[in-house]
Amino acid sequence: MRLAYQYRLRLNKSQISKIEKWLDLLRCQYNYLLADRFSWYEQNRSATNYCPLVCHLPELRNNPDYFSQKKSLPGLKKDRPWYKEIHSQVLQDCVKRVDLAFKRFLKGDCNGNKSGKPRFKSKNRYRSFTFPSLTKDPIKGNILTLPKFGQVKMIYHRQIPDGFKVKTATITRKADGYYATLSIQDDTVPDIIPIDSVINPVGIDMGLKSFLIRSDGTEVPIPQYYRKAQKRLKKVQKSVSRSKKGSNNRKKAVVKLGKAHKKVADTRKDFHFKTAKELLDSHDIVAHEKLNIKGLAKTKMAKSVLDAGWGQFLSILSVKAANAGLLTKAVNPRNTSQNCSNCGKKVPKKLKDRIHSCPHCGYTEDRDVNAAKNILYLAVGRPVSSKADRATEPVGGVGKKPALSR
């Protein structure tokens, strides 16, 4: 099991200047290595649909991959002695970032999804560096020891759990200060509960009227943190737009704007963690829709969809469930709002129709609750309503619920 704990750092001026120097040097090296990759890519490729009659091939050279670029680091320190100040593994991690960004651009990730063309990093876009390995006991009290950097003071607001070892540390510059993200690992693996042994399952239907509605009828109201903060964000953004570029007033306004946006993101993330904990404390399996959030973010509801943060919530929910030995299951959302959760027949309805009323069996329920019950049935394959109701309603010839049409 691997977790990430984040702590805020309390740094003095010399430590802040040292971090900024490291970030600037790593950014320059990142851009240089990325430019070397692009140079090779442009010189050694040809269009697939045609080939020029006259070819002027440059002097061919080997592909600058991860290992060849990592071998260039000793020469870098020899030619530019100021890079000796940076820990060697931090420099190697910079090479790894270039390799990962370029591979995802050409080949894609493990699922075949390609990323966009990597961009050269400006000063404000390179904000972190990673120590891939630390000493045996890097934390003593509220002091974190970093290789070749020294000791830094942090707000140690929660203890590292027993049995976990600190593997890596990432120093990140954010709008309101500097943070250390510690990756901790425990070799023990929690036993995942079998889906046949679940006792208290629940299905959830994500929405914009309510953040989610459970299959038992309870709902979690949607907070809309961004919409509530829009008036304040607009005022701060106006001060940034009206200030002169390059002036100190503009820099102060940009910092203030970054803090305002970070506050919205932090409150939303805190809400997601608390909602996920409440669900997993009460249920052993949570069924949800497999949403196309990127597609929904291109519609007229984009602002509300992104403000709700469904993707972040479902990611947090799945990780927390796996760490606790519980289950989350994503199901196809097709027709979950149209089908009747009581008899399985399709009952077409428009988006404005908020009540599900089945003409086949007479079942009446809130539209979102009906959808949540269908999601739960697709996930666990068992009826949601009470056994007494099922006994008096022999649907499907043998008293079993028929498969829902998709």
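The values are calculated or read from the model by the stated rules, or taken from the named source; none is laboratory data. Bear in mind that the values here come from a model prediction, so they are computed numbers and not experimental data. Positions of Cβ are backbone-derived with ideal geometry, glycine not excepted, and every protein chain shown enters the neighbour counts. In case anyone asks, the SASA skips ligands and DNA or RNA and just uses the protein heavy atoms, side chains included. Shrake-Rupley method; radii C 1.70, N 1.55, O 1.52, S 1.80 Å.
Details
- Sequence-distant lysines (8 or more away, or on other chains) whose Cα lies within less than 16 Å of K148: K18, K21, K77, K84, K136
- Relative contact order (%) - criterion: Cα under 8 Å, at least six apart; region: the chain: 15
- In this simple spin-label model, placing a label point 7 Å from the Cα along the Cα-to-Cβ direction at both M1 and Q185 gives a separation of 1.6 nm.
- Remark: the chain carries a charge dipole of roughly 2680 debye about the Cα centre, counting +1 on each Lys and Arg Cβ and -1 on each Asp and Glu Cβ.
- Hydrodynamic radius of the range 155-230 by the Kirkwood approach over all distinct alpha-carbon pairs: 17.5 Å.
- Listed by chain and number, the lysines whose alpha-carbon sits under 20 Å from that of K262, ignoring those within fewer than 8 places in the same chain, are K123, K174, K228, K231, K234, K235, K238, K251, K252, K274, K303.
- Anisotropy class of the range 248-303 from Cα gyration tensor, a/c 1.5 cut: oblate
- Between the range 100-133 and the range 205-241, the alpha-carbon center distance in angstrom: 30
- Segments 16-23, 306-313, 364-371 sorted - mean Cβ within 10 Å per residue, highest first: 364-371, 306-313, 16-23
- Estimated 222 nm signal from helices in the chain, with DSSP H stretches of n ≥ 4 weighted -39500 (n - 2.57), rounded to 500: -13000 deg cm²/dmol
- Amide N of the range 83-110 lying under 18 Å from the label point, which is placed 7 angstrom from the Cα of N44 along Cα→Cβ: 96, 98-108
- Distance between the 7 Å Cα→Cβ label points at D266 and K290: 3.7 nm.
- Taking a straight line from the alpha carbon of K107, these lysines sit under 24 Å away, with near neighbours fewer than eight places off in the same chain left out: K70, K71, K96, K117, K121, K294.
- Taking P(r) over Cα pairs in 20 Å bins from 0, in percent as calculated from this structure, the corresponding entry among (i) 19, 44, 30, 7, 0; (ii) 27, 60, 13, 0; (iii) 21, 44, 25, 8, 1 is (i).
- Accessible area (Å², per residue) of the chain, counting only protein heavy atoms and a probe of 1.4 Å: 60
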